[in-house]
Amino acid sequence: ERDGRVMRRAAYERTGGVRGAVGRLAEATYSRLSEDERLAARGILLRLADAGEQEGAFVRRRVLLDEFELDRDEQAAAALAALTDSRLVTADHGTAEVAHEALLSEWPRLRSWLEEDAEGQALHQHLIHAAREWHSVGRDPGELYRGARLASTLDWASGHDRDLNELERTFLDESRVEAEHEAEHQRRANRRLRAMLVGLAGLLALALVAGIVALNQRGEARDAARVA
């Protein structure tokens, strides 16, 4: 759209300015990727977005490169290279983030990805932080998911395995195993409690029977004494 070495204001406005250019550049870059690389790019970009303070607003998030497992995922490595070559994502010092926060709102495809599963995106962001925290404290079982948090995250993860990295899968697996152990422990405790209650009920029944027999015997003794 430039006129020689100059971009006219009319051309700038006609093309949507920086925000419009970012969206078009992102779509052009995405269209050049293979199908597997597109899936990988989607996962990368979703990790680079975080929920803002206002509902429906997303902000960029700085991510450690090891979250992408680039050494084991060729498609993710190729997708990230394409995004960085297009200057949509910056990667340095072991981290990555989107170069322009406008990408999160001005690229319709990414915006639809973020909005179509906002609740799932929030679950995943919480999982990312929880898994890293668990790993940083020596994988302490006390940091694992439990209860409703575990159930809702497992339900979401069952349809989004491609979006999880190895640490997050391990965290969820350990959480599930620990929850099963705790449930089994609780079941054994409940069985022991029921057995104790049954035993107490039996002792109470015996005590009642013994009391009734004693009363009958005392009555018979009084009758015998009266007769004597």
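Cα gyration tensor of segment 126-205, axes a ≥ b ≥ c as square roots of the eigenvalues: rounded (a/c below 1.5), prolate (a/b > b/c) or oblate? In terms of gyration-tensor shape, prolate. Full extension of the chain between residue 154 and residue 112 gives 12.8 nm of extra length, using 0.36 nm per residue less the Cα-Cα distance. The accessible-area ordering, largest first, of the residues 124, 160, 135 stands as 135, 160, 124, per a 1.4 angstrom probe. Here Cα extents along the principal axes in Å was computed from the coordinates, and among (1) 47, 44, 35; (2) 136, 36, 29; (3) 80, 39, 34 the match is (2). Compared with the dominant Cα axis of the chain, that is its longest principal axis, helix 35-47 is turned about 70°. Loop-located trypsin sites (Lys or Arg not before Pro) across segment 32-138 with a Cβ neighbour count of 12 or fewer within 10 Å are 32, 62, 72, 87, with loop assigned by DSSP.
A DSSP coil position with no more than 13 other Cβ atoms inside 10 Å describes none of the trypsin sites (Lys or Arg not before Pro) in segment 154-225. For the chain, the longest principal axis of the alpha carbon atoms and the long axis of helix 166-227 meet at an angle near 10°. Using R0 = 45 Å, the C-beta based FRET efficiency linking residue 146 and residue 72 works out to 0.95.
Quick one: among 130, 28, 118, which has the greatest mean-square fluctuation in a GNM of the chain with alpha-carbon springs under 10 angstrom? Comparing 130, 28, 118 in the GNM, the peak value goes to 28.
As a length-normalised measure over Cα pairs under 8 Å and 6 or more apart, the relative contact order of the chain settles at 16 percent. Multiplying the residue separation of residue 32 and residue 13 by 0.36 nm and subtracting their alpha-carbon distance yields 4.2 nm. Between the helical axis of 17-31 and the longest alpha-carbon principal axis of the chain there is an angle of about 70 degrees.
The values are calculated or read from the model by the stated rules, or taken from the named source; none is laboratory data. Note that the coordinates shown come from a computational prediction; the quantities given were computed from them, not determined experimentally. Methodologically, a virtual Cβ is constructed for each residue, glycine included, from the backbone with ideal geometry; neighbour enumeration extends over all protein chains shown. Keep in mind that these areas ignore ligands, DNA and RNA; they rest on the heavy atoms of the full protein, side chains included. Shrake-Rupley method; radii C 1.70, N 1.55, O 1.52, S 1.80 Å.
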